[in-house]
Amino acid sequence: MVRRCSVVGCGGSVGLHSFPLDLEIRQNSQLPPGAVVCNQHFTRDSLELTASVCLVTQGP
Ligand SMILES: [Zn+2]
């Protein structure tokens, strides 16, 4: 089963993000189990890097 974005009218299936696992947040927002949101609802400013990323490129 393909997971889809939970935002009404979206239904995207690429770049899905889970909601926080914090039980208090989940109960207050009444999210259904397995709810996700796709990349389209985030801007670059929304992202916070939590790990260093090293990109390796191949030479000519
Ligand atoms: Zn979406």
* Asked: Ordered by residue, what ³J(HN,Hα) values in Hz, to whole numbers, does the stretch 3-18 give under the Karplus form 6.51 cos²θ - 1.76 cosθ + 1.60, where θ = phi - 60° and Gly and Pro are x?
  -> 7, 10, 4, 8, 6, 4, x, 9, x, x, 10, 10, x, 7, 10, 7
* **Loop-resident sites, the stretch 1-35, for trypsin sites (Lys or Arg not before Pro), counting at most 16 other Cβ within 10 Å (DSSP)** => R3, R4
* Extension reserve of the V7-F42 stretch, reckoned as 0.36 nm per residue once the Cα distance is removed -> 11.4 nm
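Only the coordinates and a few stated rules stand behind these numbers; no lab work does. Since the model is a prediction, treat every value here as computed from it, not as a measurement. No Cβ is skipped: glycine too gets one built from the backbone with ideal geometry, and neighbour counts run over all protein chains shown.
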